[in-house]
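Right, one structure below, let's go through it.
Nothing in this text is a laboratory measurement; each read-out follows from the coordinates by a stated rule. Since this is a predicted model, take the numbers as computed values, not measurements. A quick note on method: Cβ atoms are made from the backbone with ideal geometry, for glycine too, and the neighbour counts reach across all protein chains shown.
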There are 2 protein chains.
Amino acid sequence: MDCSNVEIHSISEGYVVFPNVPLMRVEGPIAVVQLLETPLLNLINYASLVATNAARHRFVAGKSKLLLEFGLRRAQGPDGGIGASKYSYMGGFDATSNVAAGKLFGIPLRGTHSHAFVNSFMSPDEITDKLLYNYDGSHACEDFVSLARTWLRKLKRSHVLGGIFGETNQSELAAFTSYALAFPSNFLALVDTYDVVRSGIPNFCAVALALKDLGYKAVGIRLDSGDLAYLSCEARKFFQAIEKEFGVPDFGNTSITASNDLNEVTLDALNKQGHEIDAFGIGTHLVTCYAQPALGAVFKLVEINSQPRIKLSEDVTKVSIPCKKRCYRLYGKEGYSLVDIMIGENETPPKVGERILCRHPFNESKRAYVVPQHVEELLKCFWPGRSGKAREELPPLKLIRERCIKQLDQMRTDHLRRLNPTPYKVSVSAKLYDFIHFLWLNEAPIGELQ
Amino acid sequence: MDCSNVEIHSISEGYVVFPNVPLMRVEGPIAVVQLLETPLLNLINYASLVATNAARHRFVAGKSKLLLEFGLRRAQGPDGGIGASKYSYMGGFDATSNVAAGKLFGIPLRGTHSHAFVNSFMSPDEITDKLLYNYDGSHACEDFVSLARTWLRKLKRSHVLGGIFGETNQSELAAFTSYALAFPSNFLALVDTYDVVRSGIPNFCAVALALKDLGYKAVGIRLDSGDLAYLSCEARKFFQAIEKEFGVPDFGNTSITASNDLNEVTLDALNKQGHEIDAFGIGTHLVTCYAQPALGAVFKLVEINSQPRIKLSEDVTKVSIPCKKRCYRLYGKEGYSLVDIMIGENETPPKVGERILCRHPFNESKRAYVVPQHVEELLKCFWPGRSGKAREELPPLKLIRERCIKQLDQMRTDHLRRLNPTPYKVSVSAKLYDFIHFLWLNEAPIGELQ
C-alpha cells in the first residue's frame, strides 16, 4: 500500500479534544484513504478512551496520590494490555505493573507480590538463606528471620498493639521475610491473604522494623479486599502507634496502597468517607472503561475532488460537517480556552484581537462574538506525503504526558466537573455554517405526507 | 523461559463453564508457573468473555438470524480486534467484517460498503464504465446506468410505490450502481446515507431490479440508523410490493441487515416489537461487552510440594478452593448435565450408576446425592511437559464453534434464561469439603473482641 500521496493532519497527542472537532484530517487517493479507515479508528478509539479514563481517575484521586495501572490481566489480549499501559500513563497515571510496557515506553514500573507468593510458603523455618547485609553493607545480620520474629514478639507484648492480634499466620510471615531478604529496599507487602488486621499488618510491621534495624526503609503495604477506607485507617493507626511506642521516626507515614476493582465512583466514595490510602492500583475499570467501554470516533468523507460532501442520517448527531476544514482553539484574557472553531480551508484564519462570529454548527440561535487573545491551530501535519510540508515532531511519551496534564490544568474547572459539566463551545465560522445548511437541504429529499 | 517441566490441564475450548470450577490447572516449578500467571489470564479472560457475549447475543437473536461481527474499530487495538473476531465466531456468530481475522482463522467474511463510499459520488453521470455482462456471460448490457435509471422511473410511476418517494439522491444512486457494476453477485447496499425510505430503498430497488434483468440476485440492504424495527418493516413492504406489482419472484424476501449500537437488550426489544431484519451486524457492544466489560478469572496457588494451600480474603467469594483437583461433569437420565464436581487428585472418580454425595463448597446445608448416567472429566492435558501424557488435540476453530453450539444446546433452558437463571450446581466431594473447612479454620486467625 503506497501512502506517499497521503497527507495526514492531526491534533497533537495529549491534547484535550471535544466532540465534532476532527481529531485527524486524512487526504489522498480515495481507495488508499478508505483502506486507512479501520486501522486509524482502531488505533485512535481505544487510545483516546483509555487516556481520557486515566485523566478522569486522576481528577478524582487528586494530584497527591500515586496512581498505578494494574490492568494487563483484564485487557483485550497482550496488545490491548500494552496500549492500556501506554495511554493510562499519558492520561496521568504514574506507573504500571506491565513490565513489557515499562521496557517499551520507559513507563515507571510498580507492583507488589501476589497472593500466590504468600500461599507458597508454609513457615519461616523453610527459609534457608537468612543472611542480610545492612543498608550500607558494613555489617551482616546472620539470621534475619529471627530478627523479624523477635520484633513480632515485641509488638505482641506491647500494651497498645498486643490486644489487636494473637497468633499471626506463619506462612505469611515467611513470605514477607523472604521477600524482604530478596528486596530489602523495595519491601511492599500484600497484607490481605489471611486477615489484614490480625495477621497481615503485624507481620508486615515486624519485618519492616527488622529491616529498619539494618538501615532499610520498608515501602509499605497493599490492601486488595475488604473495606479499604476502614482497613487503611486501622493500618495508619498501627503504624503511628509503632512510631510513638518504639520511637521509629516516620514509621507512621508508611505508604498504603489499595487495589480491588477501584474506579472513579469508588475513589470518590473513599474521598468522601475519609481514608489513609497513598496509592491506588487500578486495573479492570481503567483498561476496560466500565463507565463507557468504547469511544465512538468515526471516519467521514467531507470532500472529494474539491466538492464538499455531507453525510446525513436518521440520527441528527450522526450528520457530518462537510468541507476540508481548519480548526482553531481561541483563548481568552484569563488564559483559558474559550471556544474551538472550524473554518473552510480557504477562509481567513482567526486573528488575535480581531472579533470573529462563532456559530453552533447545528443550532442557529447559538452564536457568540469572540475576540481571541491567543489563537492556536489544532490540526498539525504529521504525515506530509509529497506535500513538502514540515512534519510535526513526535515527542517522547513522558513529554506527551506532561502536555496532557498541562492541558487539563488550563481547562476551566466547570468544564471538568464530573456531574453536569458546562459544555465547551465547539463552533463553525458563519460562512461554513451557511454552507453546511445549504448542502443539507440540497441533499435531503423533501418528504411527502398524505 | 523453559516450560518443559510445566504441565497444563485445561477444560477444552468451547465448553460451557461455571464459577469456581478451574478453567486450567498449571503445574511446575513455582517461579516459572508464576511468570505464566499474567499471560494466561490475559489470554483467557477476554477470549472467554467475548465468546460468552457472542453466545448470549445468539441466544437472544435466535438460530435463524445471521450474526455478523463488526467490532474492529472499537476493539483494544489490532490484536484485540482479531481476538474479538475469533472468539465471537467461536461463540456462535456467523461471520466477521475483519478481513485479517478471516484470513488467519478461516472465518467467513461479510460486510457492506461505507457511508464514505456513498458520499464519494456526485451523480451517475460520473460512471464511465457502464458495461455489465449478464450472469451467465452470454450477453452484455452496454449501459447498466441507464437500466437502473429506467427502473427507478418505473418505480416512481407505480401507483403503489410512487407516492412514497420523490426525487432520490443522485450521489446515492451513483454509488449503488457503481457498487453493483463491481460486485453484481454481492450487491448489499447501505441505504441510510441520506434518507432510508425516500431515497435509499428506492435507489437500491432500482439497481437490484436492473441486476435482476441480467440474471443476478441482489443480496439486500443494510440499515445503520433510525428506528430499525419500523424501517425494516417499511423496506419489507416495499420489496413485497415490487414482487407483486412487477412479478419478481422472491424479491419480497430480499435480505435486511441492521447495525447501529446493537446489543442483547436492543435485540430483545426488536424481537418484542416485531421487525423484518434477517441479519444483525454487531460491533461495539460485542467486542467491548458493555454489560460486563471484563471477566474476572484469577490464578490461585492451591498446592505446593504436595501441601494444599488456601487463599483467604476479606471477601468470602475470593476464598480459593485448595488442593490439586480433578473436575467432572455428571449427566442425568435426560442427557442434561446435573452438576460439576471437584475431587482431590487421589480420590476415586465418580462412576456411572454409582451414587455420590455432591456438596456446595461453602454452604454446609446444600448437598445432593447424584447417580450419574454419564461422567465426563473436564480437565484434559494440553501441555504434557515431560509427563509422557498424551496431548489433547486442538481442533480447528470451526469444530470448536460447533462444540460450543452443541454444548449450549445440551444445557437445561432454565440455566440459560436471561433473567434470574437457575444456578447450575458446582460442588465438591465430601472429603474435599471437609478438607477445605479444616484448612480454612487452620489458617484464619481467631479474632479477639474486647
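Around A:R401, with a cut-off of 12 angstrom between Cβ atoms, what is the net charge of the other residues, counting Lys and Arg +1 and Asp and Glu -1?
Numbers: positive: A:R58, A:K86, A:K398, A:R403, A:K406; negative: A:E13, A:D94, A:E402.
My count for the surroundings of A:R401 gives +2.
Of all DSSP beta bridges in the protein assembly as shown, what percent run antiparallel (nearest 5)?
Of all bridge pairs located within the protein assembly as shown, approximately 60 percent are antiparallel.
In nm, what does the list of distances from B:D414 to its counterparts in the other copies look like, shortest first, when each label sits 7 Å along Cα to Cβ?
5.8
Rounded, prolate or oblate for region A:360-409? Axes are the square roots of the Cα gyration tensor eigenvalues, ordered a ≥ b ≥ c, and the cut-off for rounded is a/c under 1.5.
Details: a/c = 2.65, a/b = 1.47, b/c = 1.80.
Note, shape of region A:360-409 comes out oblate.
Using amide H atoms built in the peptide plane, which far-off residues or other-chain residues are under 5 Å from B:I304 H to H?
B:R309
Nm distances between the label at A:D434 and the same-position labels in the remaining copies, 7 Å along Cα→Cβ, shortest first?
Copy-to-copy label distances for A:D434: 9.2 nm.
For region A:111-166 and region A:212-250, compute the distance between their C-alpha centroids and round to whole Å.
15
If R₀ is 25 angstrom, what is the calculated FRET efficiency for the pair B:K366 and B:D414, using the beta carbon separation as r and rounding to 0.05? Intermediate values should be presented prior to the final figure.
On the way: r = 18 Å, r/R0 = 0.71.
Rounded to the nearest 0.05, the efficiency is 0.90.
Find the relative contact order for chain B and round it to a whole percent, using C-alpha pairs within less than 8 Å whose residues are 6+ positions apart. Numbers along the way, then the final one.
Numbers: 788 pairs, mean separation 81.9, N = 450.
Result for chain B is 18 percent.
Rounded, prolate or oblate, given the Cα gyration tensor of region A:58-133, with a/c below 1.5 counting as rounded?
Prolate.
Normalised radius of gyration for region B:241-332, please: alpha carbon Rg relative to 2.2 N^0.38 Å, two decimal places. Numbers along the way, then the final one.
Numbers: Rg = 25.4 Å, N = 92, 2.2 N^0.38 = 12.3 Å.
Computed over Cα atoms of region B:241-332, the ratio equals 2.07.
Put a label point 7 Å from Cα along the Cβ direction on B:N134, then list its distances to the equivalent points in the other copies in nm, shortest first.
10.1
Could you list A:I277, A:I436 in order of exposure, starting from the residue whose Cβ has the fewest other Cβ atoms within 10 Å?
Working: A:I277 25, A:I436 22.
The order, fewest Cβ neighbours first, is A:I436, A:I277.
Using a 10 Å cut-off on Cβ atoms, rank the peptides B:136-142, A:318-324, A:389-395, A:213-219 from the highest mean neighbour count down.
Working: B:136-142: 10.1, A:318-324: 20.0, A:389-395: 11.9, A:213-219: 17.9.
Ranked by mean Cβ neighbours within 10 Å, highest first: A:318-324, A:213-219, A:389-395, B:136-142.
Quick one: which of B:K311/B:K351; A:K156/B:K300; B:K380/B:K425 span more than 25 angstrom between C-alpha atoms?
The pairs that break the limit, which is 25 Å between Cα atoms, are B:K311/B:K351; A:K156/B:K300.
Roughly what percent of Cα-Cα pairs across region A:374-450 reach past 22 Å? Mind showing how you got there, number by number?
Working: 1771 of 2926 pairs.
Value for region A:374-450: 61 percent of Cα pairs lie more than 22 Å apart.
Can you tell me the Rg and the Dmax, both Å, for the Cα atoms in region A:297-450?
18.0, 63
Dividing the convex hull volume of the Cα atoms of region B:190-268 by its residue count, what figure in Å³ per residue is obtained?
Values: hull volume 7.0 nm³, N = 79.
Taking the convex hull of the Cα positions in region B:190-268, it is 89 Å³ per residue.
Among DSSP bridges having both ends in chain A, what percentage is antiparallel? Round to the nearest 5.
Of those bridges, close to 60 percent are antiparallel.
For A:K237, what is the net charge nearby, where nearby means another residue's Cβ is under 14 Å from its Cβ and Lys, Arg count +1, Asp, Glu -1?
It works out to a net charge of -2.
Could you give the alpha-carbon Rg of region B:1-59 over 2.2 N^0.38 Å, rounded to two decimals?
1.32
Please work out the C-alpha center-to-center distance from region B:339-377 to region B:382-450 and express it in whole Å.
12
How large is ³J(HN,Hα) for each residue in region B:412-422, as worked out from phi by the Karplus curve 6.51 cos²θ - 1.76 cosθ + 1.60 (θ = phi - 60°), to whole Hz, x for Gly and Pro?
5, 5, 5, 6, 9, 3, 5, 9, 6, x, 5
Given the convex hull over the Cα atoms of the protein assembly as shown, what projected area results after averaging over all orientations, in nm²?
45.3
Determine, at each q value in 0.17 (inverse angstroms), the log₁₀ of I(q)/I(0) that the Debye formula gives when each Cα of region B:31-82 is one equal point scatterer.
Scattering profile of region B:31-82, log10 relative to I(0): -0.68.
Determine, for A:M411, B:M1, B:M24, the number of other Cβ atoms within 10 Å of each Cβ, and report the residues in order from fewest to most.
With the sparsest Cβ surroundings first, the list reads B:M1, A:M411, B:M24.
How compact is region A:74-191 by the rule of thumb for globular proteins, expressed as Cα Rg over 2.2 N^0.38 Å?
The value comes to 1.38.
Where does chain B land at 222 nm, in deg cm²/dmol rounded to the nearest 500, when only DSSP H runs of n ≥ 4 count, each adding -39500 (n - 2.57), divided by all residues?
-11000 deg cm²/dmol
State which entries of B:K65/B:K318; A:K154/B:K325; A:K63/A:K366; A:K103/B:K325; A:K63/A:K103 exceed 29 angstrom in Cα-Cα distance in the structure shown.
Values: B:K65/B:K318 39 Å; A:K154/B:K325 41 Å; A:K63/A:K366 36 Å; A:K103/B:K325 37 Å; A:K63/A:K103 25 Å.
As for pairs spanning more than 29 Å Cα to Cα, those are B:K65/B:K318; A:K154/B:K325; A:K63/A:K366; A:K103/B:K325.
From largest to smallest, what semi-axes in whole angstrom does chain A give when each is the square root of 5 times an eigenvalue of its alpha carbon gyration tensor?
Numbers: eigenvalues 635, 98, 75 Å².
Semi-axes from the Cα gyration tensor: 56, 22, 19 Å.
Is region B:1-156 best put as rounded, prolate or oblate by its Cα gyration tensor, with a ≥ b ≥ c the root eigenvalues, rounded for a/c under 1.5, and otherwise prolate when a/b is larger than b/c, oblate when not?
prolate
Take the Cβ-Cβ distance between A:E142 and B:Q407 as r, set R0 to 41 Å, and report the resulting FRET efficiency rounded to the nearest 0.05.
Calculated value: 0.10.
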